[in-house]
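Each value in this text was obtained by applying a stated rule to the coordinates, not by laboratory testing. Not measured: the values here are computed from a predicted model. Note that we place each Cβ from the backbone using ideal geometry, even for glycine, and neighbour counts take in every protein chain shown.
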Amino acid sequence: MVQTTLYRDRIPIVLDLDDYIQGKQAGAHDSLVNRTEHHQIDLWTVLPDQSVPVHIHPGSECILIVLAGRADFRLAGMPFEVKKGMLAIVPSGTDHEIANNGPDPLAILAIIGPGPFKTETKTGKS
């Protein structure tokens, strides 16, 4: 029997994202789902009235998929309203931020790549 793998020398990974989405946190919470040398996948859970401050990913593109909720999103200073089922592509080095002004938790799957996986805020690196 041939085993299919998603990545060389790795076992396929299957995750139930509801396990991440339902985690109630005191602040906007970033859960690392998976990281390889090529990409990083994070799940952001942002409760009502919480936000993810303006930041950039130098050298990496960021694809954001809204899994639940709605929010105000700023990309390169331009405002957008995003909601479940929407996707945003953030070019490398482009500032972006998100605020959950809705009544429900916001869940965003972020796919960042290629590495290295750096995030820089207005106050410096994190």
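Suppose R0 equals 30 Å; then what is the FRET efficiency for LEU32 and LYS83 from their Cβ-Cβ distance, rounded to the nearest 0.05?
0.75
Search the structure for amide H atoms under 5 Å from the amide H of VAL33, placed 1.01 Å from N in the peptide plane, and list their residues when 5 or more places away or on another chain.
Distant-sequence amide H within range of VAL33: ILE41, ASP42, LEU43.
Which FRET efficiency, nearest 0.05, do GLU61 and ASN101 yield, Cβ-Cβ r, R0 35 Å? Mind showing how you got there, number by number?
Numbers: r = 26 Å, r/R0 = 0.75.
According to the calculation, E is roughly 0.85.
Give me, ordered by chain and number, the residues 5 or more places off LEU106 or on other chains with an amide H under 5 Å from its own placed amide H.
Answer set, sorted by chain and number: VAL46, LEU47.
Once phi is turned into ³J(HN,Hα) by the Karplus curve 6.51 cos²θ - 1.76 cosθ + 1.60 with θ = phi - 60°, what whole-Hz value does each residue of segment 33-40 show in order, with x for glycine and proline?
So the J values, rounded to whole Hz, are 8, 7, 9, 10, 5, 9, 8, 10.
Across segment 82-96, in residue order, what do the Karplus-derived ³J(HN,Hα) couplings come to in whole Hz, using 6.51 cos²θ - 1.76 cosθ + 1.60 with θ = phi - 60° and x for Gly and Pro?
Listing the rounded values in order: 10, 8, 3, x, 9, 10, 10, 10, 9, x, 3, x, 8, 6, 7 Hz.
Taking the mean number of other Cβ atoms within 10 Å as a proxy for protection, how do you rank 86-99, 39-52 from highest to lowest?
Descending packing order for the listed peptides: 39-52, 86-99.
Under 9 Å from the Cβ of PHE73, count the other residues' Cβ atoms, weight Lys and Arg +1, Asp and Glu -1, and hand me the total.
Taking every Cβ under 9 Å from that of PHE73, the sum is -2.
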